[in-house]
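Okay, here's the structure, questions in a sec.
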Amino acid sequence: MTDSRNWRPATQAVRAGQQRSPHGETAEALYLTSGYAYDDAAQAEATFKGEIAHYQYSRFGNPTVTMLEGRLAALEGAEACRATATGMAAVHAALACQVKAGDRVVASRALFGSCHWIVSTLLPRYGIETEFVDGADLDQWRRALARPASAVLLESPSNPCLEIIDIRAVCTLAHAAGALVMVDNVFATPLLQRPIELGADVVMYSATKHLDGQGRVLGGAVLGSAKWIGETLQPFIRNTGPSISPFNAWVLLKGLETLPIRIEAMQRNAAAIADFLATRPQVARVLYPSRKDHPQHGLAMRQMLGGGTVMAFELRGGKAEAFRAMDALRLIDISNNLGDAKSMVTHPATTTHMRIGAEERAKLGISDAMVRLSVGLEDVRDLTEDLGAALDAIDARQAAE
Ligand SMILES: *Cc1c(COP(=O)(O)O)cnc(C)c1O
């Protein structure tokens, strides 16, 4: 297992972390068990004393989950990983194990809705001071991190506007303030962006998105140093129980095998569709990191290996035009999920970002005319035909009215 770190990602995605049982099974075994039996009472005692390594209870650890954690750690280039039941369990556990009353947390404003809720609403209930900054504005980070902080949370590229944060620069500022930098890397995946190499301390995933990528299970992961994972995160997970089901971990292990080829194909489709949308008269602008007209294109291409699988585009008009186009799609689903083999659109202002309110949406640049598109594995010609016809349907309806 020691050389899995030197393998290329496609090899790691298929083989890293696998531990075969004495039966020599080729696929990863599914250990659907909640508990473990000991040879004798002394072995149980030694296990609880930490003198020997033996599984105790699947809230603390499970062999199938261990295989997933090993595979994710290899792909990320991280020392250690803990898998969790959902992406939100990962983000919550990472923050909650790190901070205590009186601490400060600084976060980028453009966060996944529930991450925003944890920072804006939950942490202050426990006496933690939290502050949001515009992630793309380094001066705001500099001001916020002029005082000590214990954690920085950021998401780059962000949902839904694909805002890019200079991870390396924020890490320098955060470390000077004494903070651990935690990056929600869902949009980029470990294949397109490696936050630890840019200076981040902790990387978090919703495995529900690209890592499964086939719409089957919820899951999450937290990655970081062996010391922080072992001493700070593991006691929290062990005692509060956001553990992942071995079954879901097994589904994710099989999902990871195809992650590199899925990301490559989905990204290729996405780049072509972003260029196609930008030529349509009904589209006012397209936000996709690898396009030259993305406001932070240079930074995006310095810290990412590609534009990813998700884009946002703004229609000429407002909510009515966005709804008309979405309703005219015949192939692409209306769904707030992303990173899936099936292409999906959502209207952030009325779904994923409805609860944050109009004022916060305006600060984030989420207009009523904005549509988020997660590009899947379908034939790109079918996708562009579907999108083209849906955009033309806006005009047709307008002409009829
Ligand atoms: C989906 C998502 C989450 C939450 O993950 P769940 O698996 O739904 O709990 C967190 N951050 C980002 C960026 C996401 O897209």
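Tell me the mean residue ellipticity at 222 nm calculated for the chain from its helices only (DSSP H runs of n ≥ 4, each -39500 (n - 2.57), averaged over every residue, nearest 500).
Using -39500 (n - 2.57) per qualifying helix, the result is -11000 deg cm²/dmol.
Here's a follow-up. Residues in the stretch 186-201 near a label at GLU79, defined as backbone nitrogen under 18 Å from the 7 Å Cα→Cβ point?
195-201
Still on this structure: Of the beta bridges DSSP finds with both residues in the stretch 9-256, what % are antiparallel, to the nearest 5? Walk me through the intermediate numbers first.
Values: 10 of 26 bridges.
Once the DSSP bridges in the stretch 9-256 are tallied, antiparallel ones form about 40 percent.
When the chain is fully extended, how far beyond the present Cα-Cα distance does TRP7 get from ARG168, taking 0.36 nm per residue of separation?
This chain segment gains 55.4 nm when fully extended.
Also, quick follow-up: With every protein chain left in place and a probe of 1.4 Å, what is the accessible surface of LYS49, to the nearest 10 Å²?
Its accessible surface works out to 130 Å², give or take rounding.
Counting only protein chains, not ligands or nucleic acids, how are GLU264, GLU360 ordered by accessible area (probe 1.4 Å), most first? Mind dumping the intermediate values first?
Working: GLU264 115, GLU360 30 Å².
Largest accessible area first, the residues go GLU264, GLU360.
Order the following by accessible area, largest value first: HIS92, HIS347. Probe radius 1.4 Å; ligands, DNA and RNA are ignored. Let's see the in-between values first.
On the way: HIS92 70, HIS347 0 Å².
Largest accessible area first, the residues go HIS92, HIS347.
Please say if the stretch 171-311 is rounded, prolate or oblate, where rounded means a/c under 1.5 for a ≥ b ≥ c the square roots of the C-alpha gyration tensor eigenvalues, and otherwise the choice is prolate for a/b larger than b/c and oblate otherwise? Before the final figure, lay out each step's value.
On the way: a/c = 2.72, a/b = 1.43, b/c = 1.91.
Verdict is oblate for the stretch 171-311.
Using the Cα gyration tensor of the stretch 286-380, with a ≥ b ≥ c the square roots of its eigenvalues, what is the shape: rounded (a/c below 1.5), prolate (a/b larger than b/c) or oblate (neither)? Walk me through the intermediate numbers first.
Details: a/c = 1.79, a/b = 1.13, b/c = 1.58.
In terms of gyration-tensor shape, oblate.
Mind listing the phi-derived Karplus ³J(HN,Hα) values for the stretch 150-160, rounded to whole Hz, using 6.51, -1.76 and 1.60 with θ = phi - 60°, and x for any glycine or proline?
Each residue of the stretch 150-160 in turn: 9, 8, 10, 10, 9, 10, 8, x, 8, 9, x Hz.
While we're here: Would you rank ASP166, ASP392, ASP340 by solvent-accessible area, highest first, keeping every protein chain in place and using a 1.4 Å probe?
Details: ASP166 45, ASP392 70, ASP340 10 Å².
The most accessible residue leads, giving ASP392, ASP166, ASP340.
So what are the ³J(HN,Hα) numbers for the stretch 317-323, from phi and the Karplus equation (6.51, -1.76, 1.60; θ = phi - 60°), rounded to whole Hz, Gly and Pro as x?
My calculation for the stretch 317-323 gives x, x, 4, 4, 5, 4, 5 Hz in order.
Let me ask something else. Which chymotrypsin sites (Phe, Trp or Tyr not before Pro) in the stretch 39-148 pass both tests, a DSSP loop state and at most 13 other beta-carbon atoms within 10 Å? Please list the in-between numbers first.
On the way: sites: PHE48, TYR55, TYR57, PHE60, PHE112, TRP117, TYR126, PHE132, TRP141; in loops: TYR55, PHE60, PHE112, TYR126.
Passing both the DSSP loop test and the Cβ count: TYR126.
Sticking with this structure for a sec: Accessible area per residue, 1.4 Å probe, Å², for the chain: what's the number?
Working: 16820 Å² over 401 residues.
For the chain, the per-residue accessible area is 42 Å².
Could I ask something else about it? With +1 on each Lys and Arg Cβ and -1 on each Asp and Glu Cβ, and nothing else charged, work out how big the dipole of the stretch 256-298 is about its Cα centre, in Debye to the nearest 20.
Numbers: 6 positive and 4 negative charges, 36 e Å.
Value, rounded to 20: 180 debye.
Plugging the Kirkwood radius over Cα pairs into Stokes-Einstein for the stretch 9-256, at a temperature of 37 °C and a viscosity of 0.692 mPa s, what D comes out in µm²/s?
Details: Rh = 18.6 Å.
Using the Kirkwood radius from Cα pairs, D works out to 176 µm²/s.
Also: Tell me, what is the 1.4 Å probe accessible area of MET354, in Å² to the nearest 10?
Surface accessible to solvent at MET354 totals approximately 90 Å².
Return the carbon/sulfur percentage of the accessible area of the chain, one whole number, probe 1.4 Å, all protein chains in place. Please list the in-between numbers first.
On the way: 8940 of 16820 Å².
Ligands and nucleic acids excluded, carbon and sulfur reach 53 percent.
Ok, one more. Which entries in the list LYS254/LYS292; LYS319/LYS363; LYS100/LYS254; LYS292/LYS319; LYS100/LYS227 go over 29 Å, if you measure between the two C-alpha atoms of each?
Numbers: LYS254/LYS292 35 Å; LYS319/LYS363 18 Å; LYS100/LYS254 37 Å; LYS292/LYS319 27 Å; LYS100/LYS227 19 Å.
With Cα atoms farther than 29 Å apart: LYS254/LYS292; LYS100/LYS254.
Oh, and also: Explain nothing, just compute: Karplus ³J(HN,Hα) = 6.51 cos²θ - 1.76 cosθ + 1.60, θ = phi - 60°, for every residue of the stretch 297-310 in order, whole Hz, x for Gly and Pro.
3, x, 4, 4, 6, 6, 10, 10, 8, x, x, x, 10, 10
Right, next: Might you work out the accessible area of ILE52 for me, using a 1.4 Å probe with all protein chains in place, and round it to the nearest 10 Å²?
70 Å²
Evaluate the charge dipole of the chain about its Cα centre and quote only its size in Debye, nearest 20, assuming +1 on the Cβ of each Lys and Arg and -1 on the Cβ of each Asp and Glu.
Working: 40 positive and 44 negative charges, 79 e Å.
In total the dipole reaches around 380 debye.
Which shape class, rounded, prolate or oblate, goes with the stretch 107-195 when its Cα gyration tensor gives a ≥ b ≥ c as root eigenvalues, a/c under 1.5 marks rounded, and past that a/b bigger than b/c marks prolate?
On the way: a/c = 1.70, a/b = 1.19, b/c = 1.43.
Judged from the Cα gyration tensor, the stretch 107-195 comes out oblate (a/c at least 1.5, b/c at or above a/b).
If you stretched the chain out fully between GLU257 and SER335, how much longer would it get, using 0.36 nm times the residue separation minus the C-alpha to C-alpha distance? Let's see the in-between values first.
Values: separation 78, 0.36 × 78 = 28.08 nm, distance 2.49 nm.
Difference between extended and current length: 25.6 nm.
The values are calculated or read from the model by the stated rules, or taken from the named source; none is laboratory data. Every value quoted in this text rests on a predicted model; they were computed, and no experiment measured them. Counting neighbours? That spans all protein chains shown, and the Cβs are built from the backbone with ideal geometry, glycine included. These accessible areas exclude ligands, DNA and RNA; they are computed on the full protein's heavy atoms, side chains included. Shrake-Rupley method; radii C 1.70, N 1.55, O 1.52, S 1.80 Å.
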